[in-house]
Amino acid sequence: MTRFQSASQTAGPYVHIGCTPNFAGLENMYGGHELGAEMFSSDAVGAWMTVTGGDFDGDGIPVTDAMLEFWQADASGRYAPHGGSEGWGRRAVDAEEARYKLRTILPAGLGCEAPHIKVWIVARGINLGLHTRIYFDDQDNWQDPLLAAIDDPVRKSSLIATRDGDHYNFDIHLQGDYETVFLNV
Amino acid sequence: MGLHPQALTPDYRSSRLRSPNQKLLSLPPGQGELTGPTFGHGLIGPNDHDLIINYAAPGAAAIGEQIMVHGHLLDENARPVPQVLLEFWQANAGGRYRHQKDSYLAPLDSNFGGCGRTITDNDGYYSLRTVRPGPYPWPNGGNDWRPAHIHFSCFGTGWAQRLITQMYFEGDPHIPLCPIVQSTADPKAIEGLTARLDMANTEPMNFRAFRFDVILRGKASTLFENKLEGN
Ligand SMILES: [Fe+2]
């Protein structure tokens, strides 16, 4: 028997209540612990780094009610190396500028795939959660099949975080001239 | 098969500037799409699934019609999706969210936070206890009211199955009027998002039960033929 998938519905403006309740102001919900606060345990092996950025709509206005989730391989290219939720993280963007900050380790590539972090974006006005990827401008990206499938250099660059000192910047543009490439995974 | 809404649904005004203009880029699923995080039962506190008491003062309870919502998390081939995290959030019985940006005049309930979570069992079964949320007005077309609804966040076994949706209540007259519900366009999809009164599991003199199954995309082996259509 096959069944129809449950249709996606927007996460709405209050997704933070459900997914990052302490951030949303529900004091001490779930013991005050926010799920996905840490991508890896602090003793995980690899090059630790920080990725920061903002999330913008078609007019360049910050999308302050967004929630982002991240999923990545570890420094040896394995997903979920020990089961559990290592390699997964979740962020509420901030209420003023819609910025996020992710502390994690640089993933290794897997096969032809260059090192990247998968991102999933939900917010008010997004009917179906948007998938994209964060690649890194100082890594070897030329064999990556996804990047190779994008001809337009502006589109391609929307997937590549730029290194600035000890951190990377990666902005997400939901629409417009700098629109991020989104994926049908 | 998927009956997901298009990104741009102009009657839902927020989608106008938050929908990509470009088509989604398709790619075959790799290891990272077929795997995903898992969460053990150890994560879940005994009252996490019970919104009536999980934010209430000791001995107190949230105000509203007490209900149980339950069902199965399945994939498209009707296989149970066991041991995955479900998260819920909703307005209180008066239609007010506990959020700084919700200024609706219905009062907050000091004993209601509005979020909960659980992990499906080995049969993909879940249940939560809550108060039935109130409908609420929202700034969209001038006089738009959301049907009563509970937001559901669902993990699957793989990253590509991640889903957020909303559950509505059978018989709600706002369902056909709501631009967010109607973003799905297909009556079968809306039917699939509508919980049914379940008298068989309604506890006499206690609470009413509603049944609501959530269907995710197929798992690893079938993901490839279950690509989203029309994108
Ligand atoms: Fe809502």
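Suppose we look only past 39 Å in the calculated P(r) of the protein assembly as shown. What percent of the Cα-Cα pairs does that tail hold? Value for the protein assembly as shown (Cα pairs over 39 Å): 14 percent. Accessible-area loss of 30 Å² or more (1.4 Å probe, protein heavy atoms, chain alone versus all protein chains) is found in segment B:25-74 for B:L25, B:L27, B:Q31, B:G32, B:E33, B:T35, B:P37, B:T38, B:F39, B:Y55. Ordering B:I52, B:L105, B:G116 by the projection of their Cα atoms onto the charge dipole of segment B:48-228, which places +1 on the Cβ of Lys and Arg and -1 on the Cβ of Asp and Glu, puts B:L105 at the extreme positive end. Each Lys and Arg Cβ is given +1 and each Asp and Glu Cβ -1; about its Cα centre, chain B then shows a dipole of about 580 debye.
Between chain B and chain A, roughly 6700 Å² of accessible surface gets buried, counting both sides and using a 1.4 Å probe. Dipole of the protein assembly as shown computed with +1 at Lys/Arg Cβ and -1 at Asp/Glu Cβ about the Cα centre; of A:T162, B:F207, A:L68, farthest Cα towards the positive end is B:F207. Taking the centroid of alpha carbons for each part, segment B:29-99 and segment B:162-208 are 16 Å apart.
The alpha-carbon of A:K118 sits under 18 angstrom from the alpha-carbons of these aspartates and glutamates, leaving out residues fewer than 8 places away in its chain: A:E38, A:D55, A:E69, A:D74, A:E86, A:D137, A:D138, A:D140, A:D144, A:D171, A:E179, B:E33.
The aspartates and glutamates within cross-link reach of B:K101, meaning a Cα-to-Cα straight distance under 14 Å and a gap of 8 or more places when in the same chain, are A:D65, A:D94, A:E96.
What share of Cα pairs, in percent, lie more than 24 angstrom apart in segment B:26-122? Looking at segment B:26-122, the distances longer than 24 Å represent 40 percent of pairs.
Centre-to-centre separation between the Cα atoms of segment B:105-157 and those of segment A:115-185: 31 Å.
Calculate, for the protein assembly as shown, the solvent-accessible area per residue in square angstrom, rolling a 1.4 angstrom probe over the heavy atoms of the protein chains.
Values: 16870 Å² over 416 residues.
The answer is 41 Å² per residue.
Put one equal scatterer on each alpha carbon of segment A:36-173, apply the Debye formula with no solvent term, and list log10 I(q)/I(0) at q = 0.17, 0.19 1/Å to two decimals. Log-scaled intensity ratios, in q order: -0.95, -1.18. The mean sequence separation of alpha-carbon pairs under 8 Å and at least six residues apart, normalised by the residue count of chain A, gives a relative contact order of 24 percent.
Restriction of the GluC sites (Glu not before Pro) in segment A:1-84 to DSSP coil positions whose beta-carbon has at most 12 other beta-carbons within 10 angstrom yields A:E27. Mind running the shape call on chain B? Use the C-alpha gyration tensor, a ≥ b ≥ c as the square roots of the eigenvalues: rounded below 1.5 for a/c, prolate if a/b tops b/c, oblate otherwise. Here chain B falls in the oblate category. Only helical runs count toward this figure. For chain A, summing -39,500 (n - 2.57) over DSSP H runs of n ≥ 4 and dividing by all residues gives -1500 deg cm²/dmol at 222 nm. What a 1.4 Å probe finds exposed on the protein assembly as shown is 53% carbon and sulfur by accessible area, rounded to a whole percent. Contact-buried residues of segment A:58-79, at a threshold of 50 Å² lost accessible area versus the chain by itself: A:W71 (1.4 Å probe; DNA, RNA and ligands ignored).
Each Lys or Arg adds one and each Asp or Glu subtracts one; over the other residues with Cβ under 11 Å from the Cβ of B:R16, this totals -1. With coordinates expressed along the principal axes, the C-alpha atoms belonging to segment B:92-225 extend over 49, 39, 29 Å, beginning with the largest. Taking the Cα centre of chain A as reference, the dipole from Cβ charges on Lys and Arg (+1) and Asp and Glu (-1) amounts to some 600 debye.
The values are calculated or read from the model by the stated rules, or taken from the named source; none is laboratory data. No experiment lies behind these values; they were computed from the predicted model shown. Because the Cβ atoms are built from the backbone with ideal geometry, glycine has one as well, and the counts that use them run over all protein chains shown. Heads up: the accessible areas ignore ligands, DNA and RNA and are worked out on the full protein's heavy atoms, side chains in. Shrake-Rupley method; radii C 1.70, N 1.55, O 1.52, S 1.80 Å.
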